[in-house]
1. Determine whether the stretch 110-131 contains at least one residue that is exposed (fewer than 15 other Cβ atoms within 10 Å of the Cβ), at pLDDT 95 or above and aliphatic (A, V, I, L, M).
2. Does Ser90 qualify as being in contact with a Lys or Arg (Cβ under 7 Å, 6 or more places away or on another chain) and modelled with pLDDT under 95?
3. Look at Phe214 and say whether it is more than 30 Å from Arg69 (Cα to Cα) and of a type in the set (A, V, I, L, M, F, W, C).
4. Would you please list the contacts, defined by Cβ atoms under 6 Å and residues six or more apart or on different chains, that run from a residue in the stretch 165-193 that is farther than 23 Å from Ala48 by Cα and in the same structural domain as Tyr139 (by TED's automatic domain parsing) to a residue that is among the charged types (D, E, K, R) and surrounded by fewer than 14 Cβ atoms within 10 Å (Cβ to Cβ)?
5. Restricting the search to the stretch 47-75, which residues are assigned to a strand (DSSP E or B) and within 18 Å of Val192 (Cα to Cα)?
6. For the stretch 127-147, check the following and say yes or no: at least one residue is over 30 Å from Gly189 (Cβ atoms), assigned by TED's automatic domain parsing to the domain that holds Gln186 and touching a residue at least 60 places away in the same chain (Cβ under 8 Å).
7. Based on what the data block shows, is Gly107 among the small types (Gly, Ala, Ser) and in a strand (DSSP E or B)?
8. Looking at the stretch 143-190, which of the residues that are assigned to a loop (DSSP other than H, G, I, E, B) and surrounded by 14 or more Cβ atoms within 10 Å (Cβ to Cβ) is farthest from the chain's Cα centre (by Cα)?
Amino acid sequence: MTGASWGRWGRAVLAAVVVAVCAAAAAVAQEPTAEDIINRVLTANAHALAVASADVTFNFRLNKPVTERPDCQFTGTVRLEHGHNTVTISQRTYGLTCWVLNKVVIGRLFAGTEPADQFLSRFDYTVLGEKIEDGRPFYLIRGTARDPKANPHGLVGWIDYERGLVTEGTLQYNWGSIDSTERYEQIEGAWVLVYQYLATTRFGASLEAEYSSFQFAPR
């Protein structure tokens, strides 16, 4: 190879390296920050259809997989009234344990839910990881409560960045943690929560919530 050929080859290699480096830098620059990801969740939540009411079925299990029959089952309605959820149970499994769960657990977890923007504003966030599912980027976020005495004091969750949806998460309390999985369906052009699974390993307990028959508030 002549000196001129070497020179042309060298310039071509250098150009390829420069292009690759620039492309890598651009990819890094396009990675969303933790603030971007949380803002995507808040934006999606703000533009979501407002659910006025929905039928709900709760299945409670103690030291059982979800494939087994629940220890307690509750059916009822969730309504949004004055910015807060209210849960009315119309039927439940008979027994003292199920009565206590209805009064204590269901009420605390699902009634009077704090608005998303207010809840998320209590934490500082960092990005822990990334994955691709169905061609969409998901980001793993860690939140640390600004108030060290807060409860929950931390959270970790996977967020579907394109849709602004939390799909898996863990809330960390002073007594232990609650793991969750969420599933959504597209209804009237919007993504709506239709299934939620909550579990705490400390107590060996799990609770499923299945939502249906949605009624939406006027836009």
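1. yes
2. Numbers: in contact with a Lys or Arg (Cβ under 7 Å, 6 or more places away or on another chain): no; modelled with pLDDT under 95: yes.
In short, no.
3. No.
4. Every condition considered, the pairs that remain are Gly176/Arg202.
5. Those that are assigned to a strand (DSSP E or B) and within 18 Å of Val192 (Cα to Cα): Val51, Ala52, Ser53, Ala54, Asp55, Val56, Thr57, Phe58.
6. no
7. no
8. Ala150
The values are calculated or read from the model by the stated rules, or taken from the named source; none is laboratory data. Note that the structure is a prediction, hence the values are computed from the model and not measured. Neighbour counts run over all protein chains shown; Cβ positions are idealised from the backbone, glycine included.
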